[in-house]
Each structure stands twice: as C-alpha cells, then as structure tokens.
Amino acid sequence: MAIGPEILNGVYGATKAFVLALSQSLHHELAAKGVRIQAVLPGATSTEFWDLAGNPISNLPAEIVMSATDMVDAALAGLDMGELVTIPSLPEAVDWGAYEGARQALMPNLSRARPASRYQGNSASA
C-alpha cells in the first residue's frame, strides 16, 4: 500500500506511505552511525487482520496471499542482505531499483526558483 495507495482505502495507504518515507528518512539520517533500517512492504499476508477488517482471507485469490511464515522469512532474508526496502513477493530486485532510481532522478527538480516551463504562460486569464 505504501507504493500503491489507491489499492485500498486512503487512510490505510497513507499510513503505509508514511512508514516508508520515515524509514527512508531515518536510513538517510542514521546509516553513518551504524543504525540499520528496514521497511517491509508485504502484500496480502495470511493473518487474522483480514477477519478483523471484515474481509476474510478466503475472499482473496489464493495466488496473492502469502503465509505469515514465508513473509517473515523473506523479510529476515532481506534484512540479512542489507535491504532498506524489502518486498517479499517482488520477483526482481531490479524493479525496485528502477522505481527508486526514478524517484531519485526527481530530486534535483523538486524545488526551483521558477515554475517549470510547461506551467509558464498556460494559465487562463482572469
């Protein structure tokens, strides 16, 4: 939900996005001090959460539901590998790398003295 907040309700996705952003920020601030941070972004995991939320796990396609044991094992393997972000079901780590690379490429352009040229001269006259 942290990178796909539109999948479920807004508040749930927003809280997950916050945890991811906080993890990335803490990693940036604390890595030089030897503090390891890991954000785990699991998909649907077979826990009692679903029943408590009023949507039994049996309502979900079995092919998208990971056992809690497998999710935890993958998360710990990601921690051992030094991953900042672990997505237990993601087949190719290069896909996360591409996503993160695109995010990093935005950084130099997030704050500038002038609007981007596509916004200049396009506003409607009052």
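The values are calculated or read from the model by the stated rules, or taken from the named source; none is laboratory data. Source: prediction; values computed, not measured. When we count neighbours, we look across all protein chains shown, and the Cβ atoms used for this are built from the backbone with ideal geometry, even at glycine. Just the protein is used for accessible areas: all its heavy atoms, side chains included, with ligands, DNA and RNA removed. Shrake-Rupley method; radii C 1.70, N 1.55, O 1.52, S 1.80 Å.
Sort Lys16, Lys33 by heavy-atom solvent-accessible area, probe 1.4 angstrom, most to least.
Lys33, Lys16
Sort Tyr12, Tyr119 by accessible area with a 1.4 Å probe, largest first.
Sorted by accessible area, descending: Tyr119, Tyr12.
Looking at Val85, Ser111, Ser23, which one has the Cα that reaches farthest to the positive end of the dipole of the chain (charges on Cβ: Lys, Arg +1; Asp, Glu -1)?
The listed residue farthest towards the positive side: Ser111.
When the accessible area of the chain is split by element with a 1.4 Å probe, what percent falls to carbon and sulfur?
Answer for the chain is 59 percent, counting heavy atoms of protein chains only.
Could you please report the charge total around Glu83, scoring K, R as +1 and D, E as -1 over all other residues with beta-carbon less than 12 angstrom from its beta-carbon?
Around Glu83, the surrounding residues sum to -1.
Using R₀ = 35 Å, calculate the FRET efficiency as 1/(1 + (r/R₀)^6) where r is the Cβ-Cβ separation of Leu30 and Glu63; round to 0.05.
0.40
Provide the gained length on full extension for the span Asp73 to Leu106, in nm with one decimal, where the gain is 0.36 nm per separating residue minus the Cα-Cα distance.
Gain on extension, Asp73 to Leu106, equals 8.5 nm.
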